[in-house]
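K.L.:
Handing you a structure now.
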Amino acid sequence: MDQQTEWITPAEAERLVAERLGQGALFSGEARETICGWIDDGRVRAVALEVVRWKDAPEPAPAKPVALPGGVQPLGSPVSRRDGKLERSIEHNYEFDYEDWRAVVQASNRGEADLSAFFPLAEVTHRLPGSLNPRARVVYSGIRFNREDVLRCLVVAGAIPESSLRPPAISLSSAERQCETWLTNQFEAGTTLGKSALKADALSEIHGLSGKGFLRAWDKVAPLFGRNKPGAPRKSDPRNQSAS
């Protein structure tokens, strides 16, 4: 699963859509129908944290026939696949795509799947198509939607402005507080990097942090760990140069 993407449960997506369409959309089922339509159109990406499948096990190789007197071959006893064994497999962080959704919908239309748990429990189960064994099925658990895809669909529907897709700006004070926490963690972990090296790392890791913001955070945190005193760090590092 992409760690940069914000994944939300079907219930969270339902509330998000209902808030934009009006609270009546939650009780009337309009929010659910709207989201299902987006999945039908392939406009909302989804994943399942775990997928478990029970499918027909491979049939054993037939035994070599034994010739009876007179060249007569014995008749085999056919085994019904309905009574056969099932193989179980598990996948994690599975991309729940359009074909999976269509299989769920089609199974629901045949009475072989129940969509009632899809939104409240983020789970759905359906019979495996093409299997003769009635116990063969697939279970999608921990279904998650891409939050940005849901918001984009709301923008296209005219329910929210396009500016809603922009990430919120991080204030300087917020970035500096993050830097103070980051520096504290670095010092408590016993970092041997100097001020210059730590500044370079902080600026690359903390969104919205400025050079002056780092220096203000340094002036607050470094004295608590004795790192504001003149002198080089305990171990040399090629990046440990003056930071001002």
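K.L.:
Given the alpha-carbon gyration tensor of region 172-225, what are the semi-axes of its equivalent ellipsoid in whole angstrom, ordered largest first, with each equal to the square root of 5 times an eigenvalue?
P.N.:
Square roots of five times the eigenvalues give 16, 12, 10 Å.
K.L.:
May I pose another question? How much length would be gained if the chain were fully extended between Phe225 and Asp201, taking 0.36 nm per residue of separation minus their Cα-Cα distance, in nm to one decimal?
P.N.:
Length gained, Phe225 through Asp201: 6.8 nm.
K.L.:
For Arg110 and Thr192 in the same chain, what is the full-extension length gain: residue separation times 0.36 nm, less their Cα-Cα distance, in nm?
P.N.:
My answer for the length gained is 23.0 nm.
K.L.:
First measure r as the distance between the Cβ atoms of Glu95 and Arg216, then evaluate 1/(1 + (r/R0)^6) with R0 = 30 Å and state the FRET efficiency to the nearest 0.05.
P.N.:
In this case the efficiency is close to 0.10.
K.L.:
Sticking with this structure for a sec: Using Cα positions and a limit of under 12 Å, work out the aspartates and glutamates in reach of Lys85, with same-chain residues fewer than 8 apart set aside.
P.N.:
Of all the aspartates and glutamates, those that pass the test against Lys85 - Cα under 12 Å, at least 8 places apart if same chain - are Asp56, Glu59.
Values in this text are rule-based calculations from the coordinates and carry no lab data. Keep in mind that this is a model prediction, so the values were computed, not measured. Backbone-built Cβ (ideal geometry, glycine too); neighbour counts: all protein chains shown.
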